[in-house]
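Beneath this line is the structure, given in structure tokens, with notes to follow.
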There are 2 protein chains.
Amino acid sequence: MYSDSILAGRLADAAGNAIRPFYRSDFGHEAKGDMSPVTEADRAAEAAMRAILDAECPSDGILGEEFGVKPGTSGRTWVLDPIDGTVSFMAGRPIFGTLIALLQDGFPVLGVLDQCISGERWIGAVGEATTLNGKPMMTRRCRALADATLASSGPQYFDNHSAEHFMVLAAKTAHKRMVWGGDCYNYGLLAAGQIDLVVEAGLKAYDIAALIPIIEGAGGMVCDWQGEPLYFDGRDDKKLHNVIALGDAARLEDVVKLLICNH
Amino acid sequence: MYSDSILAGRLADAAGNAIRPFYRSDFGHEAKGDMSPVTEADRAAEAAMRAILDAECPSDGILGEEFGVKPGTSGRTWVLDPIDGTVSFMAGRPIFGTLIALLQDGFPVLGVLDQCISGERWIGAVGEATTLNGKPMMTRRCRALADATLASSGPQYFDNHSAEHFMVLAAKTAHKRMVWGGDCYNYGLLAAGQIDLVVEAGLKAYDIAALIPIIEGAGGMVCDWQGEPLYFDGRDDKKLHNVIALGDAARLEDVVKLLICNH
């Protein structure tokens, strides 16, 4: 696992080097269509990571946001999201990130969240303490849902059905402290004991897999809206996941009860 | 105006020095009640700025978020928000900011937006080009509302009435690129040509006054939801403002029409 962590760190370095030249490169220019700087940066970063994996781990599978699935034979799959938080990137906010996960037989055993602008890197691995820039991080306790700081990337990511359940939950948390936006950064802050709860709907494997070892290695938990563990088919880049991330697992029952209240 | 800019920069330095020790100082601790690190940081930063103004500009008024109104006799009022984006600060996000405005007879003639974690500082003054870390910045053109990237701090800041109008507008913008959260940072990004439109409700003078010279000096405009200029009574720290900030003033009519459609 140690050498996999080193490799994942090198992937993150390569992605960051590919991304940084495009960040805010269109300052002052008119908004463009599809082939925007974010698309160029996304592709360049994923290509850079794939080049390393193809050369050094040719039997591992790859599931990436930009270039899809490359089946492997080793039982291991690298799951890559070069830019998680593309709207943040496009808006010039420094809180987007690169996500790198290693799945072993469908379960994420290693995760990296890299913020290439702020220079923050979270690393999590099964059986090890999660670190932020090398320093161990822990989630915080949360004795009551009413004290919980909740984060979510935006109301537009819920469909009508999931939005309704989300709003029921949000009203029971410390909703004046609720933070919107943020994408992967929210999960890093949860692992660092800064917020208590992230609830999102419709995430793909590459949006969430890397964050599971990071949060679990910091003492928290990640599951679906029924409280069940997430499982990833390394060949399915389309499946959608509704996700709960909790700093304090003692609040799981409260959260699940509110999210499924009208089922 | 040049010497006022220098002074405002020194105020921002003092605020940043007061704030940084509290940022993420509660990593891993349980969420607390009212006298949180953000409150301590807010007060320390405003006190540091007031100490400089009291010593060097004793006849200027001060309107601050934390310590209220000090009337002046010079016709000039400094408007201070030590931490704009307190929920971001509390969540450990680096995108909160310090806002410093100078009002002359109710109109903001100088504004500073300082991000003390990322080290970004916007300065705007009437008749001068807005700068970000010394480099001139311009808003971008936006030829159609459907291409506009919209930002707003969070749905919870609207009442039911303003939320309804906001949603009508949001649906006509490039809503897939819409960014939530961000507070003052959104206005800085608009001045830098990275997003096109910020629409918010219920802002106080210290939330918005500093951002007006910054946006206007970058080629954009700031007004209320009727399209009228904002005016501040330097002795009123309670008045609420509904705000439109636009990178390209040519879109003003489209925006106002949608926001007032059902009046």
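The values are calculated or read from the model by the stated rules, or taken from the named source; none is laboratory data. Keep in mind that what you see is a predicted model, and the values were worked out from it rather than measured. Positions of Cβ are backbone-derived with ideal geometry, glycine not excepted, and every protein chain shown enters the neighbour counts.
The residue list A:110, A:190 contains one member that is under 27 Å from residue A:63 (Cβ atoms) and in the same structural domain as residue A:12 (by TED's automatic domain parsing), which is A:110. Got at least one residue in region A:148-156 being touching a residue at least 12 places away in the same chain (Cβ under 8 Å), surrounded by fewer than 21 Cβ atoms within 10 Å (Cβ to Cβ) and outside the structural domain of residue A:113 (by TED's automatic domain parsing)? So far as region A:148-156 goes, yes, one or more of its residues are touching a residue at least 12 places away in the same chain (Cβ under 8 Å), surrounded by fewer than 21 Cβ atoms within 10 Å (Cβ to Cβ) and outside the structural domain of residue A:113 (by TED's automatic domain parsing). If you take the residues in region A:28-45 that are surrounded by 16 or more Cβ atoms within 10 Å (Cβ to Cβ) and at pLDDT below 55, which one is nearest to the other protein chains (Cβ to nearest Cβ)? Among them, the one singled out is A:28.
Conditions (1) hydrophobic (A, V, I, L, M, F, W, C); (2) closer than 23 Å to residue B:111 by Cβ, marked per residue:
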site	(1), (2)
B:156	no, no
B:168	yes, no
B:175	no, no
B:186	no, yes
B:202	no, yes
B:212	yes, yes
B:215	yes, yes
B:223	yes, yes
B:233	no, yes
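Count of region B:103-123 residues, restricted to those that are of a type in the set (Asp, Glu) and in a strand (DSSP E or B), is 2. State the number of residues belonging to region A:65-102 that are surrounded by 23 or more Cβ atoms within 10 Å (Cβ to Cβ), part of a strand (DSSP E or B) and not acidic (Asp, Glu). Here the count works out to 12. Based on this model, can you work out whether residue A:125 counts as surrounded by fewer than 16 Cβ atoms within 10 Å (Cβ to Cβ) and at pLDDT 95 or above? Judged against the criteria, residue A:125 is not a match. Selection of region A:124-139 for residues being in a loop (DSSP other than H, G, I, E, B) and farther than 17 Å from residue A:199 by Cα yields A:126, A:127, A:128, A:129, A:130, A:133, A:134, A:137, A:138. Close Cβ contacts (under 6 Å, 6 or more residues apart or on different chains) running from residues in region A:89-118 that are within 14 Å of chain B (Cβ to nearest Cβ) to residues that are of a type in the set (A, V, I, L, M) and assigned to a loop (DSSP other than H, G, I, E, B) comprise A:91/B:195; A:94/A:117.
If residue A:200 satisfies every condition in (1) charged (D, E, K, R); (2) closer than 24 Å to residue B:89 by Cα; (3) part of a helix (DSSP H, G or I) but one, which is the exception? Of (1) charged (D, E, K, R); (2) closer than 24 Å to residue B:89 by Cα; (3) part of a helix (DSSP H, G or I), only one is false for residue A:200: (3).
Candidates A:205, A:201, A:163: the one that is crowded, with 24+ Cβ neighbours inside 10 Å and not β-branched (Val, Ile, Thr) is A:205.
Here is a yes/no grid of residues against (1) more than 7 Å from chain B (Cβ to nearest Cβ); (2) not in a loop (DSSP other than H, G, I, E, B):
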{"position": "A:156", "(1), (2)": "no, yes"}
{"position": "A:162", "(1), (2)": "yes, yes"}
{"position": "A:167", "(1), (2)": "yes, yes"}
{"position": "A:182", "(1), (2)": "no, no"}
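Contact map, region A:236-251: first residue under 27 Å from residue A:70 (Cβ atoms) and in the same structural domain as residue A:151 (by TED's automatic domain parsing), second residue part of a loop (DSSP other than H, G, I, E, B) and of a type in the set (Gly, Ala, Ser), Cβ cut-off under 7 Å, separation 6 or more or different chains; the map is empty. The number of residues in region A:175-196 being buried (at least 21 other Cβ atoms within 10 Å of the Cβ) and under 16 Å from residue B:181 (Cβ atoms) comes to 15.
Of all residues in region B:134-157, those being more than 23 Å from residue B:250 (Cβ to Cβ) and within 17 Å of the chain's Cα centre (by Cα) number 3. Of the listed requirements (1) at pLDDT below 95; (2) more than 13 Å from every other protein chain (Cβ to nearest Cβ), residue A:81 misses just one: (1).
Of all residues in region B:40-64, those that are part of a helix (DSSP H, G or I) and in contact (Cβ under 8 Å) with a residue 40 or more places away in the chain total 7.
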